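The values are calculated or read from the model by the stated rules, or taken from the named source; none is laboratory data. Being a predicted model, the structure only gives us computed values, none of them experimental. Cβ: placed from backbone, ideal geometry, glycine included. Neighbour counts: every protein chain shown. Accessible surface areas use protein heavy atoms only, side chains included; no ligands, DNA or RNA. Shrake-Rupley method; radii C 1.70, N 1.55, O 1.52, S 1.80 Å.
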Amino acid sequence: ELKQLGFTSMSKLNDIMKGKGGKHGKSTPDDAESTARDGEAEAEGETAGAEKDAEKSEYDYLLGMNLWSLTHEKVEEIKKLRDQKKKELDELIRTTIETMWDRELAALSVALDEMDAQDEADERAAANATE
């Protein structure tokens, strides 16, 4: 029933997380067709009982959800988080490698300057304490 309603099975989610879901974790129509063909081939080879057990275990992540996680507020919070992550991904995709490198070097330089200033302050405090 969950499959008919369009929910993603755990095996498809695992494939996406492993990078098998196409560019940037999104499945392509070719992936969907091959997955559908694979699913049809597997379905022919399995018995009805085993198929139901496999389907049930594929959607356990949904069936095992706590009811508090299904509140409207929680759904809205998750949607906001999803939108924020999409914006971050879009920004990363548009950013060149050189720009990323420059940002990381600038952040490293600032952190090293802060460490040097702290070391100097510690040395002065130690020198004043010994006097």
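Of Asp113, Asp102, all but one fail to be modelled with pLDDT of 95 or more, within 31 Å of the chain's Cα centre (by Cα) and assigned to a helix (DSSP H, G or I); the exception is Asp102.
Considering only residues in the stretch 56-97 that are of a type in the set (Lys, Arg) and open to solvent by 80 Å² or more (accessible area, probe 1.4 Å), the one that is modelled with the lowest pLDDT turns out to be Lys56. Name the residues in the stretch 8-25 that are open to solvent by less than 100 Å² (accessible area, probe 1.4 Å), closer than 18 Å to Leu89 by Cβ and at pLDDT 75 or above, would you? Once the filter is applied, which keeps residues that are open to solvent by less than 100 Å² (accessible area, probe 1.4 Å), closer than 18 Å to Leu89 by Cβ and at pLDDT 75 or above, the stretch 8-25 yields Leu13, Ile16, Gly19.
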